[in-house]
1. For SER91, project a label point 7 Å along Cα to C-beta. Then give me every residue of segment 1-42 with its amide nitrogen under 17 Å of that point.
2. Mind listing the Cα extents of segment 1-58 along all three principal axes, in Å, largest one first?
3. Treating the beta-carbon of each Lys and Arg as +1 and of each Asp and Glu as -1, no other charges, what is the dipole magnitude of segment 5-91 about its Cα centre, to the nearest 20 debye?
Amino acid sequence: MEVDPDALRTFATSLTSITDRMAEWDIGTPFERSLAAMPGTSLGQQSVNGSQLTATALGNVCLRLLEVVDIANGTADNYQITEEDFAAALSAMDTEIRTPDR
């Protein structure tokens, strides 16, 4: 397929901007507010767990978007690429899901 390098660079810039904004999200405050909401229950620990899992999930999404940015930027510098090559590059992205303990 013929690619428009400027369109790919614009796409990569947009994804980078989105990822930067996502990294600024305050995901901890809602969980912090519930820490002492129900004394004598496990809600506090569940809030800690929920906060960690949410942070990990958001981090994984940001990493995935940045992998797409790298592919788009690399493709923008290679003016001709087959559709199969582009699909293979996207498919080859790391599929490991990260968890808070890894």
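Nothing in this text is a laboratory measurement; each read-out follows from the coordinates by a stated rule. Small disclaimer: the values here were computed from a predicted structure and weren't measured. Please note: Cβ atoms are built from the backbone with ideal geometry, for glycine as well, and neighbour counts cover all protein chains shown.
1. Of the residues in segment 1-42, 1 have backbone N under 17 Å from the label point off SER91.
2. Principal extents (largest minus smallest coordinate, Cα): 62, 19, 9 Å.
3. That gives segment 5-91 a dipole magnitude of about 480 debye.
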